[in-house]
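Data first, discussion second: the structure below is written as structure tokens.
The values are calculated or read from the model by the stated rules, or taken from the named source; none is laboratory data. This is a predicted model, so every value here is computed, not measured. Positions of Cβ are generated from backbone atoms using ideal geometry, with glycine treated the same way; all protein chains shown enter the neighbour counts.
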Amino acid sequence: MFHCKIVFSFGEKMNKITYQDGPILEINKLSISFFTRLREIPAVMDFSVNVQPREAVGLVGESGCGKSTVALGIMQDLGKNGRVVGGSIKFKGRDLSQVSDVELRDIRGNEIAMIYQEPMASLNPAMRIGKQLIEVPIIHEGISEREAVMRALEVVRDVKLPDPERILKSYPHQLSGGQQQRIVIAMALMSKPSLLILDEPTTALDVTVEAAVVELVKDLGKKYGTSMLFISHNLGLVLETCDRICVMYSGEAVERGSIKDVFDEMQHPYTQALFQSIPLPGADKNERPLVAIPGNFPLPHERPKGCNFGPRCRYFEKERCDVTDIPMSLVPSNDRHATRCLRFQEIDWATSGGSVEEKEKTKIGDVVLKIEDLKKYYEVASNTLFDGGNKRVVKANETLSFEAHESETLAIVGESGCGKSTFAKVLMGLETATQGQILLDDRNIEQVPIEQRNKKTVGEVQMVFQNPFDTLNPSMTVGRQIIRALEIFGVGDSNEARQQRMLELLDLVKLPRSFAERMPRQLSGGQKQRVGIARAFAGDARIVVADEPVSALDVSVQAAVTDLLMEIQREQKITLLFISHDLSIVRYLSDRVIVMYLGHVVELGSTEQVFSPPYHPYTEALLSAVPIADTSVQKQHIVLEGDIPSAMNPPSGCPFHTRCRWKSEVPYNLCERDIPEVQELDNGHQIKCHLSNKQLDRMEPVIKIAAE
Amino acid sequence: MEPMNWWAIIAQIFWQFIPVWIALILLFSVSFIYKKRLGLYGKLYDSAIGLIGFGLVMFWVFVGVFGAMDFIITHDPLSQVSGMKNKPPGTPMRGATAGEFGYYLLGGDNLARDVFSRVVKGAWIVTQIAPLATLFAFMVGITLGLPAGYYGGRLDILLSFIANLILAFPVILLFYLLVTPEIVATGVPSYMATVLFVFPLIFAGVLLNSRFHTQPKVRTPLLIIVLGIMFWTYLSLVSEPGSKVDLLPSSLDLFDIPGGILVVFVSVVFVNAPTVFRIVRGLTLDIKTRDYVAAAQTRGEGSWYIMLWEILPNARGPLIVDFCLRIGYTTILLGTLGFFGLGLPPESPDWGTTINEGRKLLSIYLHPALPPAIALLSLVLGLNLLADGLREESLKD
């Protein structure tokens, strides 16, 4: 049945393994362990997956579940501590553990190519792009340089980069992040591999750029006939790119099947819990809140007996789920659909399982914060040592005007460079405004830097940061950091009072009081983020700026942290300024939304208004770009060309005109000449666009939920 | 009496070091038992290289300490005994009185002094000056490097320029200039000491004030006590009767540092501080972009609190490693200074001076120069290994 012929010679020409039938990649009961001084840490256990020719398989799971280890195992690149301790990895029928180092080198890059998360780290910064690209086929196939250059040009054109000749001559740092990732993909395709492993290829990119890259990967997979193993934590992305999916939890595959089977007829409690913890359209913070998975991800050496998910599972049955290792069992009547659950046939998957409590909608109060025509410009001198020279002005914020009310969640949405962080800095007092005003309870604070603000004002406006691993000082205990904030805000008269208040704050964010003594490195990402929230509330904050507070967290933890913020908001009536690029979560929790692009507010309105037509063209594209993990959702397909222009050198006229698909509808080249006026539509819905009302009315909803 | 043979000499030296062995065994066994609770220091016990380095360093530290207490030495390092000039190792002493050790274990030097005792006594000088001078260099480097990295801009340009200027100046020439009597007479070294030694005061003052300024009741007495003691020490350190800086009446002067040592100290701090400055500045540039620094800024912390309590503790890993390496460099530098006859008095038993003494007759008598050279080598090697071990262990978690 299997025909393998290996032609192999040094230097000259290396042929690919000719191979006809069966799966490209066959992983059978694979176990991988890492060996440390203390113990053996099993990273992957009893893991099986097959990748058929031309098939894309998604590998989904939270961080630490072992999905990247599987990829490294396939590449036989586990480092000196890692070792395959059981099972086999067969590539085109050959067991990779039996292959010699020399042959392995031939397979890597030539037969199996890998694309990593961080594009800049995958490219050699000291080498021109062209040279890096032609290296691959010259080494692996021994073709001439001319031929290699021709192929490089072709591949660069395939990854839809403009002006391939110029790109080949440039250095990596001269390209944007999206362009770099395209080059990495091009490099992987240079040798026309049979298997492409993508390890979170778009996590470092902006949403609209991500959508374009994902689209590209899908097309190229079809064009080159490459099989793909797509590793991601984002279920929506996997839905858009893959044919089959494998869900991993704590080192094991828990469910495996076609996208349709797994998304619509999930047969494992973890998969179900995962879907309930991500904000899908239709979820609502009051009527249908997210359900967080209780408990924490088990550490590799503290896995429970029996089912790894047992302690967090709502269908857990004592004396049954915690006795022996649980094998994968096939789901009858579905195609190659398997689950690692003993009770899957007893569970009624149609009901959502746990009870969902409805929460009361909070009443939105008076205006707390009022921003009027706020402008923030930076002057960038081309040379800092010698003054003079030519100074350039970066317009980071251009005439922002909006109001925020008590106990309201106001989301600020936009991609990197849109000025949302600059606005946060001005509001916090780390920068002062160039023009306009910020009124906090009728007090002007836009020109008051933080050193001159009084304790009360500083305590009232606080911030929650994005990166949980960075938000706490690694060399101070959790309790000490909160107490320091209390000291600064002048809370409590004695050390004992502050100690008491600190413990109460830990209660508020639902952390055990014993955590006060812990060092940040002993906490998980979600727990750190909770400490960050507790610290922000030390001075009785009324306005909290949350800068992407959950984007770096795993989905199951995201729901819990979001929930916590909502609950604190309900209790303390805080105003939450929620900065994010993730429209799903914005739709879920915000009352009003501001969409920003290159320093401009392009759309402003209630969540409902912003998420339904008429849209600003940018909002429309943004909505279309967000991957949604729901098979019943039909999306209009809008892919933006190119990258976000640099704020140093913004386009003339409307900032979005370079990527706008509606531009041709506006007469007299207006978009390129004038910055559009703000149009007031119904009820406070504002759009900054040249399109006329009639044209706006023609817009169709981007996201449609198919009638069931 | 017969001269001792090599085995006897080695056995006798081993015996003389008994207090050192006991101290080492105690230190290692106690640390090993509690290594789980000792943080980075405890982790050192997992790295063979780091452990060997630490052992070498602690060996010389204990030799220095016990030597200073007159435990190990067999003779007075300064007394000359007739007939022992340039005698080979193991030579018996002529006319040794009762209770006096009867041999020169490692022979006698050109002035008929016991080489073994001089090496042991020299260890005390080296293990005292090198870490202290490095500590001062770190104080200066940190106090200037933090604001340079944190504020950036003109301050950074100015300070970095000065640092580069000092680094570009030939070190040996600088030393020669500093010890030239004419220049000492103008008071330049004393003035430099006055400036350089002020940095620990600034450092401690800012450190405590930024931390406790929210609680004036704690802060004020604490600052008065700490700064008071430090200021007094400082005055005692810099003021010397008869020199240009004579601030303190001698009745209040706690201790006098001999002029030579002060010059050595000043020059070592002066040439080491710019390098430390650059390391700290670089680390600060990196760490100031972290979110916890932004969090401190958004709750209105002062700049010095952020620099000293948020940034500095998180830069400690590379700084500890560099500290170890730098003690090594300083030790060699002290050796070099002693070798050129700069700074320390000529009869001082420190290793550099001793090597220089021994060098003059090296082609005839090897034994006076070799022991201090080996001692210097093993201490610096130990420091480098220790730094390696610390670097390796601080990366693991």
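Scanning the stretch A:520-533 for residues that are within 14 Å of chain B (Cβ to nearest Cβ), assigned to a helix (DSSP H, G or I) and modelled with pLDDT under 85 yields a count of 3. The numbered conditions (1) farther than 30 Å from residue B:177 by Cα; (2) more than 14 Å from chain A (Cβ to nearest Cβ); (3) in contact with a Phe, Trp or Tyr (Cβ under 9 Å, 6 or more places away or on another chain); (4) surrounded by fewer than 19 Cβ atoms within 10 Å (Cβ to Cβ) are all true for residue B:236 except (1). For the stretch A:598-624, the set of residues classified as touching a Lys or Arg at 6+ places or on another chain (Cβ under 9 Å), of a type in the set (A, V, I, L, M, F, W, C) and assigned to a helix (DSSP H, G or I) consists of A:610, A:611, A:621, A:623, listed by residue number.
Applying the criterion of being in contact with a helix residue (DSSP H, G or I) (Cβ under 6 Å, 6 or more places away or on another chain) and part of a helix (DSSP H, G or I) to the residues of the stretch A:510-519, the residue that is farthest from the other protein chains (Cβ to nearest Cβ) is A:513.
Return a yes/no flag: does the stretch A:35-43 have any residue that is among the charged types (D, E, K, R), more than 22 Å from residue A:244 (Cβ to Cβ) and away from every other protein chain (no Cβ under 14 Å). Yes, the stretch A:35-43 has at least one match.
Would a scan of the stretch B:336-345 turn up a residue that is free of Cβ contacts under 8 Å to residues at least 24 places away in the same chain and crowded, with 21+ Cβ neighbours inside 10 Å?
So in the stretch B:336-345, the residues free of Cβ contacts under 8 Å to residues at least 24 places away in the same chain come out as B:338-339, B:341.
After this cut, where a residue has to be crowded, with 21+ Cβ neighbours inside 10 Å as well, the list is B:338.
Checking the stretch B:336-345: at least one residue is free of Cβ contacts under 8 Å to residues at least 24 places away in the same chain and crowded, with 21+ Cβ neighbours inside 10 Å.
From B:287, B:306, B:327, which residue is farther than 30 Å from residue A:459 by Cα and either out of contact with any Lys or Arg (no Cβ under 6 Å at 6 or more places or on another chain) or modelled with pLDDT of 90 or more (or both)?
Values: B:287 fails: farther than 30 Å from residue A:459 by Cα; B:306 fails: farther than 30 Å from residue A:459 by Cα.
Sole residue among the options that is farther than 30 Å from residue A:459 by Cα and either out of contact with any Lys or Arg (no Cβ under 6 Å at 6 or more places or on another chain) or modelled with pLDDT of 90 or more (or both): B:327.
For the stretch A:38-74, taking the residues that are in contact with a helix residue (DSSP H, G or I) (Cβ under 7 Å, 6 or more places away or on another chain) and not hydrophobic (A, V, I, L, M, F, W, C), the one that is surrounded by the fewest Cβ atoms within 10 Å (Cβ to Cβ) is identified as A:39.
Going by the conditions given, is residue A:239 within 21 Å of residue A:279 (Cβ to Cβ) and either small (Gly, Ala, Ser) or under 18 Å from the mean Cα position of the chain (by Cα) (or both)? Answer is yes for this residue. Of the strands (runs of 3 or more DSSP E) lying entirely inside the stretch A:388-491, those containing at least 2 residues that are within 14 Å of chain B (Cβ to nearest Cβ) and surrounded by 23 or more Cβ atoms within 10 Å (Cβ to Cβ) span A:461-464.
State all residues of the stretch B:105-143 that are assigned to a strand (DSSP E or B) and in contact with a Phe, Trp or Tyr (Cβ under 7 Å, 6 or more places away or on another chain); if no residue qualifies, say none. Break it down stepwise before answering.
First pass over the stretch B:105-143, keeping only residues assigned to a strand (DSSP E or B): B:108, B:114.
Selection gives B:114 alone.
Just one of the listed residues (A:536, A:497, A:541, A:546) is of a type in the set (Gly, Ala, Ser), free of Cβ contacts under 8 Å to residues at least 12 places away in the same chain and either surrounded by fewer than 23 Cβ atoms within 10 Å (Cβ to Cβ) or within 14 Å of chain B (Cβ to nearest Cβ) (or both), and it is A:497.
Scanning the stretch A:295-343 for residues that are among the β-branched types (Val, Ile, Thr) and more than 27 Å from the chain's Cα centre (by Cα) turns up A:323, A:324, A:326, A:331. Among residues that are modelled with pLDDT of 85 or more and closer than 30 Å to residue A:347 by Cβ, residue A:265 is not included.
Residue-wise test of (1) more than 26 Å from residue A:680 (Cα to Cα); (2) of a type in the set (D, E, K, R); (3) touching a Gly at 6+ places or on another chain (Cβ under 7 Å).
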residue: A:607; (1), (2), (3): no, no, no
residue: A:611; (1), (2), (3): no, no, no
residue: A:614; (1), (2), (3): no, no, no
residue: A:628; (1), (2), (3): yes, no, yes
residue: A:635; (1), (2), (3): yes, yes, no
residue: A:639; (1), (2), (3): yes, no, no
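I'd like to verify a number: residues in the stretch B:343-384 that are farther than 18 Å from residue B:123 by Cβ and either among the hydroxyl-bearing types (Ser, Thr, Tyr) or touching a strand residue (DSSP E or B) at 6+ places or on another chain (Cβ under 8 Å) (or both), how many? The number of residues fulfilling the criteria is 2.
Out of everything in the stretch A:146-170 that is in contact with a helix residue (DSSP H, G or I) (Cβ under 7 Å, 6 or more places away or on another chain) and in a loop (DSSP other than H, G, I, E, B), what residue ends up being modelled with the highest pLDDT? By that ranking, first place goes to A:170.
Conditions tested, residue by residue: (1) away from chain A (no Cβ under 14 Å); (2) crowded, with 16+ Cβ neighbours inside 10 Å; (3) in contact with a Ser or Thr (Cβ under 6 Å, 6 or more places away or on another chain); (4) under 26 Å from residue B:147 (Cα atoms).
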residue	(1), (2), (3), (4)
B:167	yes, no, no, yes
B:170	yes, no, no, no
B:182	yes, no, no, no
B:186	yes, no, no, no
B:193	yes, yes, no, yes
B:201	yes, yes, no, yes
B:212	no, yes, no, yes
B:226	yes, no, no, yes
B:232	yes, no, no, no
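Checking the stated criteria, residue A:507 turns out not to satisfy the condition of being more than 9 Å from every other protein chain (Cβ to nearest Cβ) and either modelled with pLDDT under 85 or in contact with a strand residue (DSSP E or B) (Cβ under 8 Å, 6 or more places away or on another chain) (or both).
Collect the residues in the stretch B:1-48 that are touching a Gly at 6+ places or on another chain (Cβ under 8 Å), buried (at least 16 other Cβ atoms within 10 Å of the Cβ) and touching a residue at least 40 places away in the same chain (Cβ under 8 Å), keeping them in residue-number order. Matches in the stretch B:1-48: B:4, B:9, B:44, B:47. Condition check: touching a helix residue (DSSP H, G or I) at 6+ places or on another chain (Cβ under 9 Å) and closer than 30 Å to residue A:299 by Cα. Does residue A:491 satisfy that? So residue A:491 does not fit the description; no.
Among the residues that make up the stretch B:299-310, is at least one of them within 14 Å of another protein chain (Cβ to nearest Cβ), of a type in the set (Lys, Arg) and either within 19 Å of the chain's Cα centre (by Cα) or not in a helix (DSSP H, G or I) (or both)?
Our first condition is that a residue be within 14 Å of another protein chain (Cβ to nearest Cβ); within the stretch B:299-310, this holds for B:299-310.
Within this subset, residues satisfying the condition of being of a type in the set (Lys, Arg) are B:299.
From the residues that got through so far, the ones that are either within 19 Å of the chain's Cα centre (by Cα) or not in a helix (DSSP H, G or I) (or both) too are B:299.
Yes, the stretch B:299-310 contains at least one residue that is within 14 Å of another protein chain (Cβ to nearest Cβ), of a type in the set (Lys, Arg) and either within 19 Å of the chain's Cα centre (by Cα) or not in a helix (DSSP H, G or I) (or both).
Taken as a whole, the stretch B:264-284 holds at least one residue that is within 14 Å of another protein chain (Cβ to nearest Cβ), within 25 Å of the chain's Cα centre (by Cα) and either in a helix (DSSP H, G or I) or closer than 30 Å to residue A:539 by Cβ (or both).
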